[in-house]
Amino acid sequence: MQPEAVSVLRPFKELGEPQGSMRAWAGFVTVCTGMFMAILDVQVVATSLPTIQRALAISPDQTSWIQTAYLIAEVIAIPLTGFLMRVMTMRWLFVAALAIFTLASLGCAGSGSFEALIGWRIAQGFSGGVLIPAVFAAVFLLFPARMQNLATGLAGILAVIAPTTGPIVGGCITEIFSWHALFAINLAPGLVATIAAIFLLPREMPRPKLLRQFDLIGLLLAAVALAALEIGLKEAPRRGWASLAVLAILGLSLAAFAGFVTRSLRARHPMVELRRLADRNFTIGCCLSFACGAGLFGSVYLMPVFLSYVRGYGAMEVGQIMLVTGLAQLAMTPLIVVLEQRIDARWLALFGFAGFAIGAAMSTMQTPQTDYDDMFWPQVVRGASVMFCLLPPTRLALAHLDAAKIPDASALFNLMRNLGGAIGLALIDTVIYGRAPIHAQDIKTQLIAGDRQVLAFLNIPWDAYVAHSKVPLDSQTEMAVKYMIETGATAKALNEAWALMALLMLFAVLAVLLARREEPAYARAAAAAPAASEAAAGAMAK
C-alpha cells in the first residue's frame, strides 16, 4: 500500500468518533444507499430497454449501448476510486460522486434523444463506479474488527436485494408512469443521502497535491481501448468482420491496450496495478470475475430481449417473469454465507459456474412459444448459482493477499467483473444481430420446402400450411408469416447467445481447476504469532 493510502483507512475513532457508534452506523447506511442506487439502476433499466428503444426510435442492435455505456464508465472509475479517495477523502469523494449520480439521473430522466441518454448514462456510470467500492473502504474506516462482518453482511444483503427487486420495480414504473421515471426515482434518495453524508462521514483534510501522481495517459489509453473494442464488436455484424473499418477500430483497441499494459507496468503510480496478476490465484479469480460479469449482465439482457421482441410482453410482465431469478438468488444468500466458512472456495466456485453453465444451456432450446413455465427452472438454476459465482471467487482472489496489496487488487478484481459485462453484451449483440438474418433466410427456405420441423418450431399446423401454400397469400397472412419468420429467427439467435454464455461458464470451470489451495492471510498471521512469541521469549531468556 502506498504511504498516502494509509489515511484512507484511518479508524473513525482517530477522527474524533468511536468506531461502531450510532453516527458511524448512520454514515454507513448513507454509503450503502449510494451503492444500492448504483446497483439498482442497472437492473431497473434492463426490463425496459425495449420500451426505451421504441420510444427513442433507435434500432434494436443499438439498445445495449444504454447498459454498455454505463458499464464502461464504471470500469474506468473503479480503479480510480482509491486514488481519488486519497486526494479528496472518503467523505468528499462520496458526496461528489452521489451528487453527480443524482444530477446524471435527472439528465437521464429528461433525455429526449438517444445521444443525450448515452451521455448522461456515462456520467451515471462513472459516479456509480465510485459509490460501490466506497462501501468496502467504509467497513474498515467506520467499524472495529468485531463489527466488520456484520457491516459486510448488511452491505451484501442490500447488494442482493437490488438485483432481486430491480426487474419488477423497473417494469411497474415503466408501465404505470414512463421509462423516464426509472431515473427520476434516484432524485429524492440521492439528495437526502448527499446531505446526510456531509454531516455523518468522517472529516479529513483533502490532499490535492497528490493529483500530481494521477496517471492521465493510462486513463486515456484504457478509455480508448475499451471504447474502440465495444464499437468494433458492435459494428462487425453490420459491416463484416473483414471490413476495413472494423479491422481499423479493433486494431486501434489492440494498440491502445498494449500501450495501457506497457504504461501500467512502467509507471510509478499506474492507474491499475497489473503486477498483481503475477499471483496465480488472483489471476484466476480475475478470470472468474470476468466470466461472472458476462453471465450476470448477459442473462439480464437476454431475457428482456426474448420476452419483448419474441413474446411481445410489456415491461411489467417481463419484470414479473424475471423476478424468479432474483428470488432464487436471494434464497441462496444465507446458505452461501454459511458454506463460505466451511468449504474450500474452489469447490464452491466450481459448483457455481457449473450450475450457471447448466442454467444457460437450459435456455438454448427456446421457441417462439416459450413462456413462464419453460423459463422457470432455467431461472432457478441460474439464480441459485449466481451467489456461488460472486463470493467464492472473491475469497479465492483476495483472501490470501497481504493487507497492503488488497486495495489495488480489489480494484482490478472488480474492474474485471464490469469489463466482462461490457464485453459480454457486445458479444451477445454480435451473435443476435449477426445470426438472426441468416436464420430468417433459412426459415424462409425451409417453409417453402414444407419442412415439418420448422413448422413445429413456429407452431404452424400442417393443415393450415397446406391450405395456404397453394394459393396466393393475402396481405394479412403474408404479414403474419413475416412476423413468424422474424420472431423465429430472433429466438434461434438468442439460443446461440445462451450457448455462447454456457461455453464461457465452462471455461470458468476449467480455470477454477487450475487454482491452488492457499491459507487466508489472517490464518497465516495467526499461525505465525505463536512462533514469533516463542522466539521473542527465547531472546528475552538469553
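Considering only the stretch 127-234, give the helices (runs of 4 or more DSSP H) lying wholly within it that have at least 3 residues that are within 24 Å of Leu93 (Cα to Cα).
145-176, 187-200
Tell me which of these Ala69 doesn't satisfy, since it passes every other one: (1) part of a helix (DSSP H, G or I); (2) hydrophobic (A, V, I, L, M, F, W, C); (3) surrounded by fewer than 21 Cβ atoms within 10 Å (Cβ to Cβ).
Only one criterion is unmet by Ala69, namely (3).
I'm trying to understand the selection: among the residues of the stretch 23-43, which are over 14 Å from Val130 (Cα atoms) and among the small types (Gly, Ala, Ser)?
Ala24, Ala26, Gly27 - these are the residues of the stretch 23-43 that are over 14 Å from Val130 (Cα atoms) and among the small types (Gly, Ala, Ser).
Checking the conditions here, which among Arg54, Arg10 is surrounded by fewer than 21 Cβ atoms within 10 Å (Cβ to Cβ) and at pLDDT 85 or above?
Selected residue: Arg54, the only one of Arg54, Arg10 that is surrounded by fewer than 21 Cβ atoms within 10 Å (Cβ to Cβ) and at pLDDT 85 or above.
Taking the condition among the basic types (Lys, Arg), farther than 20 Å from Ser410 by Cα and either outside any helix (DSSP H, G or I) or at pLDDT 90 or above (or both), does Arg346 pass?
So Arg346 does not fit the description; no.
I want to confirm something. Restricting to the stretch 218-261 and keeping residues that are touching a residue at least 60 places away in the same chain (Cβ under 8 Å) and more than 13 Å from Ile72 (Cβ to Cβ), which single residue is surrounded by the most Cβ atoms within 10 Å (Cβ to Cβ)?
Selected residue: Ala236.
So, in the stretch 86-145, how many residues would count as being more than 29 Å from Asp408 (Cβ to Cβ), surrounded by fewer than 22 Cβ atoms within 10 Å (Cβ to Cβ) and among the aliphatic types (A, V, I, L, M)?
Qualifying residue count, the stretch 86-145: 5.
Name the one entry in Gly450, Gly383 that is free of Cβ contacts under 8 Å to residues at least 60 places away in the same chain and outside any helix (DSSP H, G or I).
Going through Gly450, Gly383 in turn, the sole match is Gly450.
Can you go through Val431, Val454 and tell me which one is under 25 Å from Tyr301 (Cβ atoms), aliphatic (A, V, I, L, M) and either assigned by TED's automatic domain parsing to the domain that holds Ala489 or crowded, with 22+ Cβ neighbours inside 10 Å (or both)?
Val431
The values are calculated or read from the model by the stated rules, or taken from the named source; none is laboratory data. Computed from a prediction, not measured in an experiment: that's the story for all the values here. Neighbour counts run over all protein chains shown; Cβ positions are idealised from the backbone, glycine included.
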